[in-house]
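Asker: Before I ask anything, here is the structure I am working with.
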Amino acid sequence: MKALRNLLDKLKPTFSEGGKLSALHSVFEGFEAFLFVSNQTSKSGVHIHDSIDSKRVMFWVILGLVPTLLFGMYNTGFQHYLAIGLFEQTSFWQVFGWGALSVLPYIVVSYVVGLGIEFIAAQIKKEEIQEGFLVTGLLIPLILPIGIPLWMVAVATAFSVIFAKEVFGGTGYNIFNVALITRAFLFFAYPTKMSGSNVWISLNEYFGFGNAVPAVDGFSGATPLGQAAVATGSSLHLTSPLGNPLSWWDMFLGLIPGSIGETSTLAILLGGIFLIATGVASWKIILSVFTGGAATILVFNVFATNAYMAVPVWEQLCLGGFAFGAVFMATDPVTSSRTETGKWIYGFLIGVLSMILRVLNPAYPEGMMLSILFMNIFAKLIDYYVVQHNINKRLKRAILSSNPVKTTLYE
Amino acid sequence: MVPVQTIKKGLDINLKGRAAFETTTVGGIDSWSMIPTDYYGMTPKVVVKEGDVVLAGSPLMVDKLKPAIRFVSAVSGTVTAVVRGEKRALRNILVKPDFKTDYLVFPKENPLDLTPEGVKIRLCESGLWPYIKQRPYDVIANPDIPPRAIFVSGFDTAPLAPDYTYILKGKGVDLQTGLNALTRMTPGLVFLSLPESCESAELRGVQRVETRWFKGPHPAGLVGVQINHIAPINKGEVVWTINLLDVLFIGRLFNQGRVDLTRQLAVTGPEVIRPSYVSCLPGSPLSALVDGNVYKEIPLRYINGNPLSGSRVEAEGYLSAYATQLTVLHEGTDTHEMLGWVLPRFNQFSTSRTYFSWLTKCLMPEKAYEPDTRILGGERALIMSGEYDKVFPMDILPEQLVRACLTKDLERMEQLGIYEVAPEDFALCEYVCTSKIEVQREIREALDLLKRENGD
């Protein structure tokens, strides 16, 4: 530890202003702050500070994402081996390993592109490197299908980091959820790689690369939501890629096709419980998203005119990106409502909107992304009214007190 | 009796080094200093020069804009230096104290027999006026505008704060006289807030004031929080506040006819060897107060006041006029914590449940922490929401108000209640802030800006 500290102290002048590598000042500082807690002491105001800082908050969100990430890796391998008919002969670790190696390039691309831009931006602004992208960088691969080309991920990440975040001023100033903007960009720019029935399961030979291996007979790579969106007739039969009917347990556990991290409601709930227990994510938002979603489904159930509207609450909530969005996307503190009352309304409306988009609009099999982005705009409006309520109360009080009741009691 | 107001939001930070209930007296001091920056927002005009002989109670400087407000010497002696810094800004006035203190004589009077003007004049000429503060703006009160009410907090809940019950023991007469003087100066009421568990006979026995009862964690003892719960300040209204321990000075002035600023200061903090009370004068050199009583091997931070809202002072500095507490902490510049942000940090306190101090609080409620003054993170834009709200028990939206202050949006500040607050009310917000924003400084600058714009 001491040697490392000495090394940093020795390198410091090189990276400081006037040093040879002063162009990398922000990067050096970022790594230094990563390795050693800054020994800077308070100049004004409080003399003691809470031990929490933004690094820890961001890292705890990443910890919360670990179950989904690991499950997503396994599921990627699982779907692959199932599709090519070799699952029975393959060991658990081989399945997981195949999935992990397929997912890894997406994580690397997302981090390299995003953090690269963040480093450059920090250097230009002469600010410290901000940690926001540590979370965004992991969220991006988790909400993408495994079949999307890496260069598209790179382009979309660059687009969203620059235009959804840095132009607004960086972490803490963005209006829209950066990871969702990445997904929305891909969704509208490259729709064939983001939807349909060919992108969710990788049939390629080597970890997502190489030539496609022929799938088993009767294979269909459509997600349950994709099936529901195109279903006709009075009853809905959701099936696995091999044509077997899906049980609720399959949906909850998440061994179904879908975006890498979104399929397992169980893993997401584990992460959600972790984030709520550590106080990192707002339980109000998570709870109200689920409540909003459930309430809307119940209304659909009552007035069901087709089989999709009649899907019960427990199944509907486990499908698609609903749970993932509720736990990891809607709770982004920067883009959600910041008032406590606002959080209830914000979350509830996300739940309502996502179900309306999902069930009533056949053009988008999944409504979570759009409904969160939509509510990102409205979050500020909700806050406006909550704040205005406080302002009006104060105004009213001032008017009342211009006729004072109390005068001197003691003389 | 008015029911007890329960403050739910807030935070008690249990620090090591609470002052023991014993008082030592500081003997002769070899220098005494008046520091103009103690009196926030005042432009000083020096009325003495080097070599002048002064008594305890003689003016050393006056407020340039309101010359009636005097700032007086707490000791008798010879002015040894009027120190000026850049642009001739007054740094401090040094007095070499005599061996025995001679007091300037004021008439002994019952303040209830005086007119409101009479009380004000007496307080101004005796140099006790600056202890009365006003809201809005949290500055020395303007004697020309009668306040809607005067609020006095009867307890201090800040970390390591002095115990009023202990300090006020046997001082009931001066306390009552001081409060009587206050009642003469407002057409409204004088509110005294007491803790629910108040056992002080002196405090329970006071008369002529409205007593209100509070319970709950810090900042229940902050007068700003109490005002907000008793009768919030509206735009255009003025209220005054004064520290209860300073009310004793006023009582002494009327009862004894002299300005005796002796106070029992709580010398506290993890780096103090024997934390206890010290009977001393504001303006005393710190060395006289802490020499031999602190762990000197590590860099130390001395704080005039409590660790949340006090002001930093160097070891060779002087006790502030307002400080009722002196806190000594480890500065922490010599600490290099490797990967600290990801470790469990069992010995550090945090409100965040990503640490275990919530668990420690359940298992070992008595555990006291020894924080240093490191910021423990970099300054960021506001990211986490609802953090301030949990420690801010006023009917004000703290985050939104801080944002209005950050953007210097005057109208919005007014709408969101800037006139009701003082920087100290936001100390806990600043403490818990993940983004490490200097909230108190922002509030102070906003209040200054508003004061300028309003021409008050």
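No value in this document is a laboratory result; all are computed from the given coordinates. Note that the structure is a prediction, hence the values are computed from the model and not measured. Note that we place each Cβ from the backbone using ideal geometry, even for glycine, and neighbour counts take in every protein chain shown.
Asker: Need the list of lysines near A:LYS125 for cross-linking: C-alpha distance under 18 angstrom, and skip anything on the same chain fewer than eight residues off.
Answerer: Within the straight-line limit of under 18 Å, A:LYS125 reaches these lysines: A:LYS165.
Asker: Quick one: B:TYR295, B:TYR164, fewest Cβ neighbours within 10 Å first, how do they rank? If you can, show how the numbers build up before the last one.
Answerer: Working: B:TYR295 12, B:TYR164 23.
Going from least to most buried by this count: B:TYR295, B:TYR164.
Asker: Ok, one more. Given labels modelled 7 Å from the Cα in the Cβ direction, how far is it in nm from B:ASP395 to B:GLU379?
Answerer: A separation of 3.4 nm, rounded to one decimal place.
Asker: Same structure again: Label B:SER287 and A:ILE356 with points 7 Å out from Cα along Cα→Cβ: what is the distance between them in nm?
Answerer: Distance between the two pseudo-spin positions: 7.4 nm.
Asker: Quick check for me: using +1 on Lys/Arg Cβ and -1 on Asp/Glu Cβ, what's the dipole size of the range B:28-97 about its Cα centre, in debye to the nearest 20?
Answerer: Working: 10 positive and 6 negative charges, 62 e Å.
The dipole of the range B:28-97 has a size of about 300 debye.
Asker: If each residue's Cβ is checked for other Cβ atoms within 10 Å, how do A:THR263, B:THR327 rank with the fewest at the top? Can you show the working numbers first?
Answerer: Working: A:THR263 33, B:THR327 30.
Least crowded to most crowded, the residues run B:THR327, A:THR263.
Asker: A follow-up question, please. Here is the link list: A:LYS12/A:LYS55; A:LYS393/B:LYS120; B:LYS171/B:LYS367. Which ones come out longer than 26 Å on Cα distance? Don't skip to the answer; put the middle values down first.
Answerer: On the way: A:LYS12/A:LYS55 22 Å; A:LYS393/B:LYS120 35 Å; B:LYS171/B:LYS367 33 Å.
Table pairs above 26 Å Cα-Cα are A:LYS393/B:LYS120; B:LYS171/B:LYS367.
Asker: Can I ask one more? Based solely on its DSSP helices, what 222 nm [θ] is calculated for the protein assembly as shown when runs of n ≥ 4 H residues each add -39,500 (n - 2.57) and the sum is averaged over all residues, nearest 500 deg cm²/dmol? Can you show the working numbers first?
Answerer: Values: 27 runs with 334 residues, N = 867.
The helix-only estimate for the protein assembly as shown comes to -12000 deg cm²/dmol at 222 nm.
Asker: With only Lys, Arg, Asp and Glu charged, each at its Cβ (+1 for the first two, -1 for the last two), find how big the charge dipole of chain B is about the Cα centre; round to the nearest 20 debye.
Answerer: Details: 51 positive and 55 negative charges, 65 e Å.
In debye, rounded to 20, chain B gives about 320.
Asker: What ranking, highest mean first, results for peptides A:135-143, B:215-223 when packing means the other Cβ atoms within 10 Å averaged over each residue? Don't jump to the answer; show the numbers that get you there.
Answerer: On the way: A:135-143: 25.7, B:215-223: 22.8.
By packing density, highest mean first, the sequence is A:135-143, B:215-223.
Asker: Moving on. Can you give the local net charge around A:ILE148? Use residues other than it whose beta-carbon is closer than 12 angstrom to its beta-carbon, Lys and Arg +1, Asp and Glu -1. Mind showing how you got there, number by number?
Answerer: Details: positive: A:ARG183, A:LYS193; negative: none.
Charge balance in the 12 Å sphere: +2.
Asker: Can you compute 3J(HN,Hα) from phi for each residue in the range A:377-388, using the Karplus curve 6.51 cos²θ - 1.76 cosθ + 1.60 with θ = phi - 60°, rounded to whole Hz and x for Gly and Pro?
Answerer: Computed from phi, the couplings for the range A:377-388 are 5, 6, 3, 5, 5, 4, 4, 4, 6, 5, 5, 4 Hz.
Asker: Just counting partner chain Cβ atoms within 10 Å, what average do the residues of peptide A:125-131 show around their Cβ? Don't skip to the answer; put the middle values down first.
Answerer: Details: counts 0, 0, 3, 3, 1, 4, 5.
Partner Cβ neighbours, averaged per residue: 2.
Asker: With r defined as the distance between the Cβ atoms of A:ALA398 and A:ALA295 and R0 fixed at 35 Å, what FRET efficiency is calculated, to the nearest 0.05? Let's see the in-between values first.
Answerer: Working: r = 39 Å, r/R0 = 1.12.
In this case the efficiency is close to 0.35.
Asker: Counting Lys and Arg as +1 and Asp and Glu as -1, what is the net charge of the other residues whose Cβ lies under 15 Å from the Cβ of B:VAL75?
Answerer: Working: positive: B:LYS96, B:LYS100, B:ARG258, B:ARG263; negative: B:ASP30, B:ASP52, B:ASP98, B:ASP102, B:ASP260.
With Lys, Arg at +1 and Asp, Glu at -1, the net is -1.
Asker: Could the peptides B:241-252, A:369-380 be put in order, highest first, of the mean number of other beta-carbon atoms found within 10 Å of their residues? Let's see the in-between values first.
Answerer: On the way: B:241-252: 23.2, A:369-380: 21.1.
My ranking of the peptides, most packed first, is B:241-252, A:369-380.
Asker: Report the one residue of B:GLY283, B:ASN110, B:ALA89 whose Cα lies farthest in the direction of the positive end of the charge dipole of chain B (charges on C-beta: Lys and Arg +1, Asp and Glu -1; origin at the Cα centre).
Answerer: Towards the positive end, the residue furthest out is B:ASN110.
Asker: Go through A:223-229, A:195-201 and give me the packing order, highest mean Cβ count within 10 Å leading. Show your work: numbers first, answer last.
Answerer: Values: A:223-229: 22.4, A:195-201: 19.7.
Ranking, from highest mean packing down: A:223-229, A:195-201.
Asker: Calculate the mean, over all residues of peptide B:350-359, of how many other protein chain Cβ atoms lie within 10 angstrom of the residue's Cβ.
Answerer: Details: counts 6, 4, 10, 7, 12, 5, 0, 2, 2, 0.
If you average over the peptide's residues, the count of other-chain Cβ atoms is 5.
Asker: Work out the mean other chain Cβ neighbour count within 10 Å for the residues of B:302-312 and drop it here as an integer. Spell out each step's value before the answer.
Answerer: Working: counts 1, 2, 0, 1, 3, 4, 4, 3, 3, 3, 5.
Taking the mean over all residues of the peptide, I get 3.
Asker: Quick one: grab the alpha carbon gyration tensor of the range A:238-377, order the square roots of its eigenvalues as a ≥ b ≥ c, and give me rounded if a/c is under 1.5, else prolate or oblate depending on whether a/b is larger than b/c. Could you put the intermediate results ahead of the total?
Answerer: Working: a/c = 1.97, a/b = 1.34, b/c = 1.47.
Verdict is oblate for the range A:238-377.
Asker: Additional query: How would you rank B:LEU401, B:LEU300, going from fewest to most other Cβ atoms within 10 Å of each one's own Cβ?
Answerer: Values: B:LEU401 29, B:LEU300 19.
Arranged by neighbour count, lowest to highest, B:LEU401, B:LEU300 become B:LEU300, B:LEU401.
Asker: Still on this structure, I have one more. I want the local charge near B:LEU376. Using Cβ-Cβ distances under 12 Å, sum +1 for each Lys or Arg and -1 for each Asp or Glu among the other residues. The partial results should precede the final answer.
Answerer: Values: positive: A:LYS55, A:ARG56, B:ARG345, B:ARG374, B:LYS436; negative: A:ASP50, A:ASP53, B:GLU337, B:ASP372, B:GLU379.
With Lys, Arg at +1 and Asp, Glu at -1, the net is 0.
Asker: Taking Cα pairs under 8 Å and at least six residues apart, what relative contact order does chain B come out at, in percent? The partial results should precede the final answer.
Answerer: Numbers: 980 pairs, mean separation 83.9, N = 456.
So the answer I get is 18 percent.
Asker: Of B:LYS215/B:LYS361; B:LYS390/B:LYS436; B:LYS64/B:LYS108; B:LYS9/B:LYS451; B:LYS16/B:LYS361; B:LYS408/B:LYS436, which sit over 23 Å apart, Cα to Cα? Working shown, then result.
Answerer: Details: B:LYS215/B:LYS361 19 Å; B:LYS390/B:LYS436 16 Å; B:LYS64/B:LYS108 29 Å; B:LYS9/B:LYS451 30 Å; B:LYS16/B:LYS361 15 Å; B:LYS408/B:LYS436 19 Å.
Too far apart for the 23 Å limit: B:LYS64/B:LYS108; B:LYS9/B:LYS451.
Asker: Hey, another quick one. Kindly identify chain A as rounded, prolate or oblate by the Cα gyration tensor criterion: order the square roots of the eigenvalues as a ≥ b ≥ c, call it rounded if a/c is under 1.5, otherwise compare a/b with b/c, prolate if a/b is larger, else oblate. Don't skip to the end; give the middle numbers.
Answerer: On the way: a/c = 2.31, a/b = 1.21, b/c = 1.92.
Oblate, because a/c is 1.5 or more while a/b does not exceed b/c.
Asker: Classify the range B:107-256 as rounded, prolate or oblate from the Cα gyration tensor: take a ≥ b ≥ c as the square roots of its eigenvalues, call it rounded if a/c is under 1.5, otherwise prolate when a/b beats b/c and oblate if not.
Answerer: Cα axes put the range B:107-256 in the oblate bin.
Asker: Still on this structure, I have one more. Please work out the C-alpha center-to-center distance from the range B:407-456 to the range A:117-147 and express it in whole Å.
Answerer: Distance between centres, Cα-based: 32 Å.
Asker: Any idea which of B:VAL53, B:VAL79, B:TYR39 is furthest toward the positive side of the dipole for the range B:28-97, if Lys and Arg beta-carbons carry +1 and Asp and Glu beta-carbons -1?
Answerer: Working it through, the farthest residue towards the positive pole turns out to be B:TYR39.
Asker: With a bin width of 5 angstrom, please list the P(r) values of the range A:299-411 as percents of all Cα-Cα pairs, from the 0 bin to the one holding the largest distance.
Answerer: Bins of 5 Å from zero give 2, 11, 16, 16, 12, 10, 8, 6, 5, 4, 4, 3, 2, 1, 1, 0 percent of pairs.
Asker: Taking Cα pairs under 8 Å and at least six residues apart, what relative contact order does the range A:57-212 come out at, in percent?
Answerer: Numbers: 186 pairs, mean separation 38.8, N = 156.
Relative contact order, the range A:57-212: 25 percent.
Asker: Restricting to Cα pairs below 8 Å that are 6+ residues apart, what does the relative contact order work out to for chain A? Please round to a whole percent.
Answerer: On the way: 610 pairs, mean separation 61.6, N = 411.
In percent, rounded to a whole number, it is 15.
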